[in-house]
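Report on one structure; see the data block that follows.
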Amino acid sequence: MRKNTSALGPRAAGPRAAGPRAAGPRAAGALAAVASLVLALSGCSAYDANSPADARGDAKNGAQVASGTVDCGKERCIALTFDAGPSEHTPGLLDILKREKVPATFFLLGENHVVKHPDLVRRIAAEGHEVANHTWSHKILSDQDPDSVREELARTQDAIAEITGHEPTLMRPPQGRTNDEVAKVSRELGLAQIMWSATAKDYSTTDSKLIEKRILDQADRDGIILLHDIYDGTVPAVPGIIEELKKRGYTFVTVPQLLAPGRAEPGKVYKP
């Protein structure tokens, strides 16, 4: 189990010589104040993050991966995930995934996406991809009160269930920002929280080759790749990402397949 203890991350503290002990009590106090301010401004709190290996190890009663499916305890698995769709780019992406026989996980936005493209939501589910929740309107959940968090998630649950007949079991908080209240509401709604290990920051560039390079540089076993099928440069980068990762021996899986035979437990955070 991995623990997230700071919005800045463990590397942000710098070399040991620059830490509080070396700097003296006054500097240590100042650093602590800055860290507290960063956490307050970010809206994030510390959380325990469970890795895919943790989930597999937590499988109950010696559960085994279903026959004929990928065993990510043995195979070199990686999960491709897409946020904030569906959009006009999604049909082309689905064509690529179908051609390459690659399953993916789609964290869908309710407002202006799920409700606007019900046929695409239906197609995503019908073609074997995992349909997941990315809130109704992309509000930062850690900045909201519990009722607002519940509305953001529940409205999307209902909209997806109306189209596919099934409520999602996974959600991704916008910007990955969560806290105890978000976890509590997620647990009530039967949703596990899924983070990521590789991102191209594709919202900041239309350069497909750069997007491809950023992902390939970060790819690792048990990884969860975050991309967005709403930006112009993203979908054209996908064939190259798939081709190269297959050459490296990776097997593409959905997030539930990555955790199997374990299961994502509602409310908990999962991050490679």
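The values are calculated or read from the model by the stated rules, or taken from the named source; none is laboratory data. Bear in mind the structure is a predicted one, so any value in this text is a computation, not a measurement. Using ideal geometry, Cβ is built from the backbone for each residue, glycine included, and neighbour counts are taken over all protein chains shown. For accessibility, only protein heavy atoms count, side chains too; no ligands or nucleic acids. Shrake-Rupley method; radii C 1.70, N 1.55, O 1.52, S 1.80 Å.
Could you tell me whether any residue of segment 244-260 is touching a Phe, Trp or Tyr at 6+ places or on another chain (Cβ under 7 Å) and part of a loop (DSSP other than H, G, I, E, B)? Checked against the condition, which is being touching a Phe, Trp or Tyr at 6+ places or on another chain (Cβ under 7 Å) and part of a loop (DSSP other than H, G, I, E, B), segment 244-260 yields no hits at all.
Pairing each residue of segment 244-257 that is on the phi < 0 side of the Ramachandran plot and modelled with pLDDT of 95 or more with any residue that is among the hydroxyl-bearing types (Ser, Thr, Tyr) and not in a loop (DSSP other than H, G, I, E, B), provided the two are 6+ apart or on different chains, yields C-beta distances under 7 Å for Thr254/Thr105; Val255/Thr81; Val255/Thr105.
The residues in segment 253-264 that are touching a helix residue (DSSP H, G or I) at 6+ places or on another chain (Cβ under 8 Å), open to solvent by 20 Å² or more (accessible area, probe 1.4 Å) and farther than 12 Å from Ala49 by Cα can be counted, and the count is 3. Of all the residues in segment 158-205, those that are of a type in the set (Phe, Trp, Tyr) and in contact with a Gly (Cβ under 7 Å, 6 or more places away or on another chain) number 0.
The requirement of being under 30 Å from Ala63 (Cα atoms) and in a helix (DSSP H, G or I) is fulfilled nowhere in segment 262-269; no residue meets it. Going by the conditions given, is Thr169 among the polar types (S, T, N, Q), closer than 26 Å to Pro118 by Cβ and within 14 Å of the chain's Cα centre (by Cα)? Answer is yes for this residue. Within segment 122-143, can one find any residue that is acidic (Asp, Glu), open to solvent by 80 Å² or more (accessible area, probe 1.4 Å) and more than 20 Å from the chain's Cα centre (by Cα)? Checked segment 122-143: no residue is acidic (Asp, Glu), open to solvent by 80 Å² or more (accessible area, probe 1.4 Å) and more than 20 Å from the chain's Cα centre (by Cα). Here is the figure for segment 124-138: residues that are of a type outside the set (D, E, K, R) and farther than 26 Å from Ser148 by Cβ total 5. Scanning segment 195-223 for residues that are open to solvent by 40 Å² or more (accessible area, probe 1.4 Å) and acidic (Asp, Glu) gives Asp207, Asp217, Asp220. For segment 189-214, a residue qualifies if it is acidic (Asp, Glu) and touching a residue at least 60 places away in the same chain (Cβ under 8 Å), but none of them does. For segment 173-194, filtered to residues that are under 20 Å from Leu109 (Cβ atoms) and aliphatic (A, V, I, L, M), the residue that is most open to solvent (accessible area, probe 1.4 Å) is Leu189.
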